[in-house]
Amino acid sequence: ELLELPPESPGAIGYLTLPGDRFVRLAPADLARGVLLGRYERCELGGALFSDANTVSRIHLCLALDPTGLWAIDTCSTNGTWHGDNPIQAMKLGASATFMLGGQPLTWQLHH
């Protein structure tokens, strides 16, 4: 189960900074299964986190870890996922990345 914890939480390979300065740790087992982000309450990072963001799709983005690295994959969202001025369908995440889900900023940070 994903928990809202400060970024120094043990067991996390990295964390997301969400709107409202919330931090969510992401462990390898969670990411290997895939972590869904969106307004849908059944998403691992959904429901109340994005309930006020009508520009975020019900199931907007999937974060997935495979042998090549960690990926941010847009799930054909209505308003897209953006990295800077570029819309993304899939993007490999490095040590850090900031992207937008329907205008909502998210930042990925790898644990060092």
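The values are calculated or read from the model by the stated rules, or taken from the named source; none is laboratory data. Quick caveat: nothing in here was measured; it's all calculated off a predicted structure. Note that each Cβ is placed from the backbone with ideal geometry, even for glycine, and that neighbours are counted across all protein chains shown. Keep in mind that these areas ignore ligands, DNA and RNA; they rest on the heavy atoms of the full protein, side chains included. Shrake-Rupley method; radii C 1.70, N 1.55, O 1.52, S 1.80 Å.
A few points about this structure:
- Residues in region 42-74 that are of a type in the set (D, E, K, R) and under 15 Å from the mean Cα position of the chain (by Cα): 42, 44, 58, 74.
- Conditions (1) without any contact (Cβ under 8 Å) to a residue 60 or more places away in the chain; (2) open to solvent by 60 Å² or more (accessible area, probe 1.4 Å); number of the one not met by residue 110: (1)
- Remark: pairs (first residue in region 22-50, over 18 Å from residue 96 (Cβ atoms); second residue of a type in the set (Phe, Trp, Tyr); Cβ separation under 7 Å; 6+ apart in sequence or on different chains) = 38/50; 39/50; 46/40.
- Counted residues, region 10-29 - those being basic (Lys, Arg) and farther than 18 Å from residue 105 by Cβ: 1
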